[in-house]
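No value in this document is a laboratory result; all are computed from the given coordinates. All figures in this text were calculated on a predicted structure; none of them were measured in a lab. Ideal geometry is used to build each Cβ from the backbone, glycine not excepted, and the neighbour counts take in all protein chains shown.
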Ligand SMILES: [Mn+2]
């Protein structure tokens with residue numbers, strides 16, 4: 001005890017007094033641009049949650065806002081996402097509150113980061129190895145490090161660029177902002193103790209992002225805390241969302257949590273008994289809840305033989321005012337209905353329809369989409385995702401070295417086969433895959449080519465026949481540019 005008092009006295013004597021108390025708002029994982037459940041309203045919700053946090057920071061006259069990564073949900077946010085974010089950050093700057101941030105795993109680009117753009121515009125500061133001082137508080141940052149690179153992390157980058165910058169530093173408190181899963185929490189991948197021991201300065205608090213749930217603990221004398229995400233990124237994030245207020249003064253560091261009001265998620269559990277009338281039971285259960293404007297999960301358990309039309313339940317939820325209707329068939333295991341491909345089987349009355357569809361001579365992709373649209377087990381809200389997955393698989397399974405996938409090779413005269421392989425095919429495919437995020441857009445475009453694809457096919461047939469007719473003269477012409485749609 002006496003030792004402790006002496007230590008406190010010692011601390012107060014050798015470390016500088018703070019001329020004022022410092023208050024920092026710690027937030028993270030705002031995931032702006034996330035169109036959860038393909039809903040534009042949910043995209044706006046994520047933006048609104050961030051805006052609300054910034055409004056609070058202004059109202060409470062914070063000395064700084066620290067954002068511990070994943071400002072954006074993707075490394076390629078839309079221009080709308082970027083503009084909306086800029087407007088919020090500009091509002092914060094208008095109140096003279098600095099926005100200090102690091103790069104999270106979701107938004108991380110190859111070289112220059114979105115944060116660099118915002119820093120250039122004067123609406124954000126990218127934290128790093130050189131401290132950013134707020135009064136007597138120094139703030140450092142470490143961008144998200146991939147799990148495999150953690151053992152290789154070089155702490156010497158903090159050695160003050162060799163001129164003893166850090167040792168001259170006279171701040172009372174040093175904070176480190178990171179976007180990682182840290183020990184001592186159970187899910188940890190990087191040891192807080194190691195970080196604290198390895199950095200060439202005392203670490204008084206590690207302010208974290210990445211884990212979306214609020215957590216707070218101490219490692220030795222150092223605080224280690226997650227503020228939690230600002231919106232629910234999944235149904236698993238059931239707790240009220242929050243941010244942290246870090247208060248630093250001469251008597252120490254206090255970390256308190258403040259809740260954020262976000263859109264409500266409602267969970268409705270329905271047990272289907274052996275003799276249950278499925279839909280009546282489910283509708284009755286839904287009616288017991290206020291689901292207006294909420295994201296609603298109906299979790300079905302019980303007898304596996306009872307057939308449920310997901311799209312009918314979805315329609316009912318929408319009619320009752322739900323914003324997003326989600327049905328999870330727990331009988332197939334939690335979340336399976338959300339993710340797994342549902343096997344398609346047509347009952348007898350549908351055979352006639354099937355025959356008619358055959359006559360339409362749809363392509364492979366066309367058939368896949370047709371099946372999905374007709375599948376009663378797939379809710380309307382899941383059509384986009386399912387189509388993406390199925391068409392994606394179709395594309396993966398395709399051999400793009402084959403020049404004309406819809407026509408049997410034997411039909412093409414031998415001599416022209418090699419020459420008719422256009423080099424541009426591979427480039428097209430590579431281009432489509434090179435950009436992770438717009439991949440969806442490209443796939444969407446790919447899906448949308450039904451009308452064009454027969455034309456492309458016909459053109460190719462004509463060309464090939466012409467080549468056969470006119471021999472080598474014709475084959476020197478510019479190779480045809482292929483679109484992904486030509487293959488679908
Ligand atoms: Mn995140």
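Taking the simple approach of a point 7 Å from Cα along Cα-to-Cβ for both residue 332 and residue 213, what is their distance in nm?
Between residue 332 and residue 213, the simple spin-label model gives 2.7 nm.
Please state the equivalent ellipsoid semi-axes for segment 191-247: what are the square roots of 5 times the Cα gyration tensor eigenvalues, largest first, in whole Å?
The equivalent ellipsoid of segment 191-247 has semi-axes of 26, 11, 8 Å.
What is the ratio of the Cα radius of gyration of segment 269-313 to 2.2 N^0.38 Å, where N is its residue count, to two decimals?
Normalised Rg, Cα atoms only: 1.14.
Please sort 88-98, 207-217 by packing, taking for each peptide the average over its residues of neighbouring beta carbons within 10 angstrom, highest first.
Descending mean neighbour count gives 207-217, 88-98.
Give me Rg/Rg_expected for segment 2-259, where Rg uses Cα atoms only and Rg_expected = 2.2 N^0.38 Å with N residues.
For segment 2-259, the normalised Cα radius of gyration is 0.99.
How do the peptides 183-194, 124-135 rank, highest first, by the average count of neighbouring beta carbon atoms within 10 Å per residue?
Ranked from most to least packed, the peptides come out as 124-135, 183-194.
Is segment 37-190 best put as rounded, prolate or oblate by its Cα gyration tensor, with a ≥ b ≥ c the root eigenvalues, rounded for a/c under 1.5, and otherwise prolate when a/b is larger than b/c, oblate when not?
oblate
What length, rounded to one decimal in nm, is gained on full extension from residue 91 through to residue 273, with 0.36 nm per residue of separation minus their alpha-carbon distance?
Stretched out fully, the residue 91 to residue 273 stretch lengthens by 60.0 nm.
How far apart, in nm, are two points set 7 Å out from the Cα along the Cα-to-Cβ line at residue 384 and at residue 292?
Taking the simple label geometry, residue 384 and residue 292 are separated by 2.6 nm.
Stick to the Cα atoms of segment 265-339, pair each with every other, and give me the Kirkwood hydrodynamic radius in Å at one decimal.
12.2 Å
Distance in nm between label sites at residue 146 and residue 254, each 7 Å beyond Cα in the beta-carbon direction?
For the pair residue 146/residue 254, the computed spacing is 4.4 nm.
Using 0.36 nm per residue of separation minus the Cα-Cα distance, give me the extension gain between residue 393 and residue 201 in nm, one decimal.
Result: 64.0 nm gained on full extension.
Quick check: from the Cα gyration tensor, does segment 204-299 come out rounded (a/c under 1.5), prolate or oblate?
Prolate shape, in that a/c is at least 1.5 and a/b is the bigger ratio.
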